[in-house]
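Below is one structure, written out as C-alpha cells; the observations come after it.
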Amino acid sequence: MNKILEKKVLAPTLKQIVVNAPLIARKAKAGQFVILRVHERGERFPLTIADYDREKGTITLIFQEVGASTKLLGNLEVGDVILDLVGPLGKATKHPHAKRVVCIGGGVGVAPVYPEAKELYENGVEVISIIGARNKDLLFYVDEMKKVSKELYITTDDGSAGRKGFVTDALKDLILSGMEIDCVIAIGPMPMMKAVSNLTKEYGIYTIVSLNSLMVDGTGMCGGCRVTIGNEVKFACIDGPAFEAHSIDFDEQMRRLRMYQEEEKLVDCKCGEAEKNVEN
Amino acid sequence: MSRTKKHPMPCQPVEERIKNFSEVALGYDEQTAIAEAKRCIQCKNPRCVQGCPVGIDIPQFIQKIAEGDFESSIEILKSKNSLPAICGRVCPQEDQCEKLCVVGIKNEPVAIGRLERFVADWERVNVKPKGKQVTEGKKVAVVGSGPAGLTCAGELAKMGYKVTIFEAFHQPGGVLMYGIPEFRLPKKIVEEEINSLLDLGVELKTNVVIGQTITIEELFAEGYEAVFIGSGAGLPYFLNIPGENLNGVYSANEFLTRVNLMRAYLHPDWHTPIKVGKKVAVVGAGNVAMDAARTAKRLGAEEVYIVYRRSEEEMPAREEEVHHAKEEGIIFKLLTNPVEILGNEEGWVTGLKCIKMELGEPDSSGRRRPIPVEGSEFQLDVDGVIIAVGQGPNPLIPRSTPSLETSKWGNIIADEMTGKTSMEGVFAGGDVVTGAATVIKAMGAGKNAAIAIDQYLKNKG
Ligand SMILES: Cc1cc2nc3c(=O)[nH]c(=O)nc-3n(C[C@H](O)[C@H](O)[C@H](O)COP(=O)(O)OP(=O)(O)OC[C@H]3O[C@@H](n4cnc5c(N)ncnc54)[C@H](O)[C@@H]3O)c2cc1C
Ligand SMILES: Cc1cc2nc3c(=O)[nH]c(=O)nc-3n(C[C@H](O)[C@H](O)[C@H](O)COP(=O)(O)OP(=O)(O)OC[C@H]3O[C@@H](n4cnc5c(N)ncnc54)[C@H](O)[C@@H]3O)c2cc1C
Ligand code: SF4
Ligand code: SF4
Ligand code: FES
C-alpha cells in the first residue's frame, strides 16, 4: 500500500504522482483530500485527491513544492512508499442543481478543480473552465480540462499563454458577455478565491471555493483548520473543505496561513535529502 | 505500625524539570515499594476495590509486593488491568481506590497507584515479552485505539476472537499518545504497554478513519460480526468569544497534539511547528488545562496563567497535577472569566480581557454558580491563549451511520453495563459514550463490552 506507481514533473516545482491506495480510491469523491506523512519526523499535511481509478485502486496527487513537507514528497520516486496516507477526508463537494457551471483553477488549484469539473461533466452539466497561472510553463492539465469543458479559457500573469491577466478578468468577460452562469467553483490561492468571490457576489452568482487551511489531523480533532463563515465557526476538514464563498472571512484565512512562516523556514534548510521509506 | 503518610514520590527537581520533557515523578525503588506495601492492613472486605472501575484485587497485589514477589503481583494486576503502568501514573486515585482505603480515614491512604506503577515498571524491565500470539475465531472490529478500544480488543483476543483495531491516526494510543504529555506519561511506556496488548493477537490498522475510509455498515459487509466503537471525545469546544480565531490561539487538543504526537518540542528536527508566547493564558482547570499550562512552561513561556471561572475547590484536575503545576510556577487566576481575546493589526494575540466572578447558589452540577462581578473587567497581557474547556464526541461516525442513536450532544447512546447501542452487533464505550472522563473508566467500559460481545456472538451461534 501507498506505493508510488507513476511520477511526472509538470513544471519545475510542480509534481504529479499516482499512488496505490485501494481503500481511498474506492471511496474518493470530488472535493475530498488525503493527509500524508512522508518522514518519521515529518508533518501531517493535506493534498486534494486530483483523480482516482477505482478499478486499479489508485489515486492521483498533484502538488507544488513550497516547503519541507512537499519537497520531501517530491523527492520520492516510483517504487517508494509514502509512510502514512489517510483518507478520503472532508465532505464531497455538494454541487447545486445547475445547467452551466464555471470552474476556475488558479495555479496548483487546477488539480483540485479538475475532479469537480469532471464530475459535473459526467452528470451532464455544461462546464466552462478558466485556468490561470503565472506563466505558460506553470500550466498543466490543459488537455484534461479541455476534455470535460465546453469552453476553456487560459490566463497568464505575463501573457505568455492565453489572455494576459487574472482568472477574474476572464470571468468578468464571461459575465459581461451575458452568459448565464448558475454557479462558479473556484479553487486556488486564497487571494484568488477572495477576488472571485468578491466579483460573483456583485453579480449574485452562487459560488463555491475549497479552503486550504492549515491542518493537523483532518478529522475534526484539533480545530486548527477553523474558519469563520458568517457568524459561525466551522472546521474546514470535516465541514468542508468546500464552502459557499460569499460569507467566508478570507482575510482571517490568509492570516492564519501565515501562522508558522518563520518556523517553516527553519525546517526547510535542515531537511535536505532525508531518508526515504522503501517498502520491505 | 503503619506510618501516617504515604512514602513520598521522588520527583525531578522543579528548576530542572521545567526545562525538559522527561518524566516528573521518578517512581519508588524496591525498598520504598515494600515499605509502602506494608502500610496496607489487608482488609477482609477491602473497600478500595469498590473504588476501582476494573476491580483489581488490590490487597492481593499489594501483599505480593510486601513479600517481594513482584512477579506474582504483576500477574494479579494484569488479570484485571492490561495497562497498569499507565493507570498507576494517570488514574485520579484520590477519587477512586485510594478515596475508599480505610487507612485513609485517619491517615493518608495506601499509595495504591504508586505501587501499581512500581510493579508494572518492574515487569517491563524484568519480564521478557511472550511474543505475538495468533487468534482464529470470529472477526470483531474495534474503532479507535484509546484505552477503551485497546482494552476491549485485548479482552476479546484473550477469548480467542480475531480482532482488528482501526485507528485514524498514524499511531495507536488515543489520548495516551496525543493528549497526556511525555513528562507525565512517557510515550515509550505507552508504546510498550500497547505492544504487549497487541501481542495477544490483535491486528492494528492505522490511518483508517471509520466513517470516511470505511463505514460501520461496510465493516459488517467485510465479515466482521461485531463492532466496538471507542472513538473518544476528541472534538474541541471553544468559548465562542470574540478573537478566538486570532493567530496564537489554540485548542488544547491542537497544542498538545502538536507537542506530543508530532513532537513539536523537538522542532525543527521534527518538522511540526508550534507557537508559544512569552505569556500564555490557559482557559480551564481540568487535567487538560494543567497539561497545556505545564507544556507551555517547558516550551519556554515565562509566565503561564490558568484562568478559571470557579474557585480552587471546583477545579476538576487531579490533585497531583495541580500540585505539580503550582510547584512549577503556574499562576492561578481563579474566579476569572475570559470575555474577549484581543489582537493587534496583524491578527496576533495581545491580551485576554477577563471579568472577575463570585460564587452564587449551587447550579445543576451541584457546584456553586459563578456570577460576574459588575465593572470588574481587566486585561491580562498575553501573546498566547490555549482553550481547554472540554471536548465533545467526534461527529464523523454518527454522521455516516444514520441508524446509530446519539444524544443531543452527539454522544453515542449505549447501555451502561454492556455497551449495547441501537444498532445490532454494535457496541460502544469510553469517552464517546460518557463524554470526557478517565482512562480507567474507558478501560472498564471496553472490558464490559468485550464480555457482552462474547455473549452476543455465542447467542448468535
Ligand atoms: C484540503 C487541502 C487540500 C490541499 N490540496 C493541495 C493540492 O492538491 N496540491 C498542493 O500543492 N497543495 C495543496 N494544499 C496545500 C498544501 O497542504 C500545503 O502546500 C502544504 O501543507 C505545505 O507544506 P510544506 O511543508 O511543503 O510547506 P510549508 O513549509 O509548511 O509552507 C511553505 C509556504 O506555503 C504556505 N502554506 C503552508 N501551508 C499552506 C496551505 N495549507 N495552503 C497554502 N499555503 C500554505 C506557507 O505559508 C509558506 O509560505 C491543500 C491544503 C488543504 C488544506
Ligand atoms: C490532555 C488530557 C489529559 C488527561 N489526563 C487524564 C488523567 O490524568 N487521568 C485520567 O484518568 N484521564 C485523563 N484524561 C482523560 C482520558 O485520557 C480519557 O478519558 C480516555 O483517554 C478516554 O479513552 P477512549 O478510549 O474512550 O478515547 P480516546 O483516548 O480519546 O481514544 C479514541 C481513539 O479513537 C480514534 N478515533 C476517533 N475517531 C475515529 C474514527 N472515526 N475512526 C478511527 N479511529 C478513530 C482516535 O484517534 C483515538 O486514538 C485526559 C485527557 C486529556 C485530553
Ligand atoms: S486501576 Fe486506577 S483505580 Fe484501579 S487500583 Fe489502579 S490506580 Fe486504583
Ligand atoms: S482499603 Fe486500604 S488498607 Fe484496606 S486493603 Fe485496600 S489498600 Fe489495603
Ligand atoms: S485539521 Fe484538526 S480539526 Fe481540522
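FYI, it's all coordinate maths here, none of it is from the lab. In this text the structure is predicted, and so the values were computed from the model without any measurement. Here the Cβ is made from the backbone with ideal geometry for all residues, glycine too, and neighbour counts use every protein chain on show.
Using every Cα-Cα pair within segment A:100-257, state what percent have a distance larger than 18 Å.
That tail contains 57 percent of the Cα-Cα pairs.
Sort B:423, A:193, A:179, A:145 so that the residue with the fewest other Cβ atoms within 10 Å of its own Cβ comes first and the one with the most comes last.
A:179, B:423, A:145, A:193
Could you compute how fast segment A:1-158 diffuses translationally, taking Rh as the Kirkwood radius over C-alpha pairs and applying Stokes-Einstein at 10 °C with viscosity 1.306 mPa s? Give it in µm² per second.
On the way: Rh = 16.0 Å.
Rounded, D is 99 µm²/s.
In a Debye calculation with equal point scatterers on the alpha-carbon sites of chain A and no solvent, what is log10 I(q)/I(0) at q = 0.13, 0.14 Å⁻¹?
Debye curve over Cα of chain A, log10 I(q)/I(0) at q = 0.13, 0.14 Å⁻¹: -0.87, -1.02.
If we count other beta carbons within 10 Å of each Cβ, what is the order of B:64, A:29, A:234, fewest first?
Sorted ascending by nearby Cβ count, the order is A:29, A:234, B:64.
Taking a quarter of the surface of the convex hull around the Cα atoms of segment B:236-387, what do you get in nm²? Could the numbers behind the result be given before it?
Details: hull surface 37.7 nm².
Average of the hull's projected areas for segment B:236-387 equals 9.4 nm².
Averaged over all directions, how much area does the convex hull of the C-alpha atoms of segment A:3-89 cover when projected, in nm²?
Values: hull surface 20.1 nm².
Seen from a random direction, the Cα hull of segment A:3-89 projects 5.0 nm² on average.
Cα-Cα over 18 Å: which of A:15/A:71; A:29/A:201; A:234/B:333; A:71/B:188; B:80/B:158; A:7/B:205?
Long pairs (Cα-Cα over 18 Å): A:29/A:201; A:234/B:333; A:71/B:188; A:7/B:205.
With only alpha-carbon atoms in the gyration tensor, what are the semi-axes of the equivalent ellipsoid for segment B:16-125, in Å, largest first?
That gives 21, 16, 14 Å for the three semi-axes.
Could you tell me the center-to-center distance, by alpha carbons, between segment B:335-393 and segment B:173-195 in angstrom?
31 Å
Report, as a whole number in µm² per second, the diffusion coefficient that Stokes-Einstein gives for chain B at 10 °C and 1.306 mPa s using the Kirkwood radius over alpha carbon pairs. Walk me through the numbers before you get to the answer.
Numbers: Rh = 23.3 Å.
Calculated translational D: 68 µm²/s.
Can you report the principal axis dimensions of segment B:343-414 using only the alpha carbons, biggest first, rounded to whole angstrom?
Sorted largest first, the three principal extents are 49, 42, 14 Å.
Of B:64/B:187; A:94/B:279; B:187/B:460, which sit over 32 Å apart, Cα to Cα?
From the list (B:64/B:187; A:94/B:279; B:187/B:460), the Cα-Cα distance tops 32 Å for A:94/B:279; B:187/B:460.
Taking only the Cα atoms of segment B:50-205, how large is their convex hull per residue, in Å³?
For segment B:50-205, the hull spanned by Cα atoms encloses 115 Å³ per residue.
Can you give the Rg to Rh ratio of segment A:208-254, both from alpha-carbon atoms, with Rh computed by the Kirkwood formula?
0.92
Considering only C-alpha atoms, what is the centroid distance from segment B:403-461 to segment B:115-141, in Å?
24 Å
Over 20 Å intervals from 0, what percent of Cα-Cα pairs in the protein assembly as shown sits in each interval?
16, 47, 31, 6, 0
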